[in-house]
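The values are calculated or read from the model by the stated rules, or taken from the named source; none is laboratory data. Just so we're clear, the structure is a prediction, and the values are computed from it rather than from any experiment. Here the Cβ positions follow ideal geometry from the backbone for every residue, glycine too, while neighbour counts run over all protein chains shown. Side chains are part of the model used for accessible areas, which takes the heavy atoms of the whole protein and leaves out ligands, DNA and RNA. Shrake-Rupley method; radii C 1.70, N 1.55, O 1.52, S 1.80 Å.
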Amino acid sequence: LLWTNKKYQYEPKTFIINLPNGIKATYTPDFLVENSEWHELKGWENRSEIKKWQLFEQQYPNEKLVVINRDRYKQIEKEFKYVIPNWEF
C-alpha cells in the first residue's frame, strides 16, 4: 500500500457480526484502503474465518471486502518483491 501511494488505515473499525446461533461476534478487517474497501490479509484460512467473512458480506452489503489469501499474496509478491526494498520473503 505504501509503494502504490494508496491511503489506508490500519484496523480503524470493528464490526458486529450476528452468528447463525444468535451469538454476536466481532470482526476487525486489517485495512481500510482509500476509504472505500476493506482488506484482510491471511496466509491461511480456516472454516470459521471464511464463515465470518461470508457473514460480514451478507450483513454489511455496502462494504467491500478484499481477502488477500496465500495465492493472492504470491501474485503480489511476484510483482513487487524485486522492486520494493526489504520485501519480506
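With the requirement that a residue be under 23 Å from residue 79 (Cα atoms), among the β-branched types (Val, Ile, Thr) and modelled with pLDDT of 95 or more, what does region 1-38 give you?
33 - this is the single residue of region 1-38 that is under 23 Å from residue 79 (Cα atoms), among the β-branched types (Val, Ile, Thr) and modelled with pLDDT of 95 or more.
Kindly provide the set of residues from region 53-89 that are basic (Lys, Arg) and open to solvent by less than 60 Å² (accessible area, probe 1.4 Å), ordered by number.
81
Please list, ordered by first then second residue, the pairs with beta carbon atoms under 8 Å, 6 or more apart or interchain, first in region 17-39 and on the phi > 0 side of the Ramachandran plot, second surrounded by fewer than 18 Cβ atoms within 10 Å (Cβ to Cβ) and part of a strand (DSSP E or B).
These pairs meet every condition: 34/8.
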